[in-house]
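Okay, structure first, notes after.
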Amino acid sequence: MGQFIGHTGGFFILAAVVLLAGIFTAEAGVVRNRAALKKNGKTALYVCCIGIVYYLIMAYFKNTTAGQTSIFDFGAVFDFLGLDDMISTYGEPFIKDTLSGLGMPLFPFLVHILGKIIFEQYGGIAVWLNFLSAAAGMCCLYNMACEFFKKDVTPHMAIAVLSLPFAFMLFTPGSYGWTFGLVSASAYALYKGNTPLWLILGIIAALSNKLGILFIVPFVLSKINTFPAFVKRVSENKLTSNPYIRLGYLFFITSVDGAILFLAIGGIHV
């Protein structure tokens, strides 16, 4: 019960900060397009719902493979693929420890600082930050897709992206969701022609997780003149645009992701 109250209280405080920031920017006139704000809000909510489903599945697999486990005990639920080691560094982060594996120092120290302020719920804060960042990153990808194809793309694209193998890691206490959000935001900044912001967000992503170096990929693709035309040809192809083909792809990729998730929780510990 204590873990539930601690996590819930921390989540409400952090959610209130985001809500107040959103209201302030809207009322101050920083965000003038309320329709776009509403659309992005729906997309973010959509992503968070997917993340909650992922978390419940992970908790279920944990209870199935390792015995009864409280779903509010993040340390017990997330003890696979090195996540338990990551969570342990948040309480007392050291540069040497934060550099192990794919880790980098920025995210652990950020979680540690927030944890000192909010009930020392380090695992819960890390999960919350990843949920927030994954939602923001998907909003960036969604807006970029709408602008690129010059039409409203279905928000169901989030399912296709978040069902990719290991996508469930975006909603764990690791720095993956945080890094995904930063890399996606940097790609959107580059798409809008804001190169300095692309570089700043990319550097922050690289300092949060070694996978953050992927922020360079959109820059490389932007230098290939034939790449935009290739993307449009693929999206307009009769085979790839067939709804049955897409449904089959989604079923296949979801099955693969589910199998990886189950194996990771059930026996693969690194």
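Tell me whether region 171-178 contains one or more residues that are touching a helix residue (DSSP H, G or I) at 6+ places or on another chain (Cβ under 8 Å) and open to solvent by 70 Å² or more (accessible area, probe 1.4 Å).
First pass over region 171-178, keeping only residues touching a helix residue (DSSP H, G or I) at 6+ places or on another chain (Cβ under 8 Å): 171-178.
In the following step, the residues that additionally are open to solvent by 70 Å² or more (accessible area, probe 1.4 Å) were identified as none.
Checked against the condition, which is being touching a helix residue (DSSP H, G or I) at 6+ places or on another chain (Cβ under 8 Å) and open to solvent by 70 Å² or more (accessible area, probe 1.4 Å), region 171-178 yields no hits at all.
Of the residues Lys238, Lys223, Lys210, Lys232, the single one that is open to solvent by 70 Å² or more (accessible area, probe 1.4 Å), over 16 Å from Leu141 (Cβ atoms) and in contact with a strand residue (DSSP E or B) (Cβ under 9 Å, 6 or more places away or on another chain) is Lys210. Please tell me if Val183 is surrounded by fewer than 16 Cβ atoms within 10 Å (Cβ to Cβ) and either within 16 Å of the chain's Cα centre (by Cα) or touching a residue at least 40 places away in the same chain (Cβ under 8 Å) (or both). No. Restricting region 106-123 to residues that are under 18 Å from the mean Cα position of the chain (by Cα) and modelled with pLDDT of 85 or more leaves a set whose member that is surrounded by the fewest Cβ atoms within 10 Å (Cβ to Cβ) is Leu110.
Please tell me if Tyr142 is in contact with a Pro (Cβ under 8 Å, 6 or more places away or on another chain), open to solvent by less than 50 Å² (accessible area, probe 1.4 Å) and either among the polar types (S, T, N, Q) or closer than 30 Å to Tyr249 by Cα (or both). Considered against the rule, which asks whether it is in contact with a Pro (Cβ under 8 Å, 6 or more places away or on another chain), open to solvent by less than 50 Å² (accessible area, probe 1.4 Å) and either among the polar types (S, T, N, Q) or closer than 30 Å to Tyr249 by Cα (or both), Tyr142 comes out as yes. Number of residues in region 78-105 that are open to solvent by less than 70 Å² (accessible area, probe 1.4 Å) and part of a helix (DSSP H, G or I) equals 8.
Pairs are defined by a Cβ separation below 7 Å, a sequence spacing of at least 6 or placement on different chains, a first member in region 95-111 that is over 19 Å from Leu132 (Cα atoms), and a second member that is surrounded by 15 or more Cβ atoms within 10 Å (Cβ to Cβ) and charged (D, E, K, R); the pairs so defined are Leu102/Lys210; Met104/Lys210.
The values are calculated or read from the model by the stated rules, or taken from the named source; none is laboratory data. Remember, it's a predicted structure, so these values are computed and weren't measured experimentally. Because the Cβ atoms are built from the backbone with ideal geometry, glycine has one as well, and the counts that use them run over all protein chains shown. Protein only, heavy atoms only, side chains kept; ligands, DNA and RNA dropped before computing areas. Shrake-Rupley method; radii C 1.70, N 1.55, O 1.52, S 1.80 Å.
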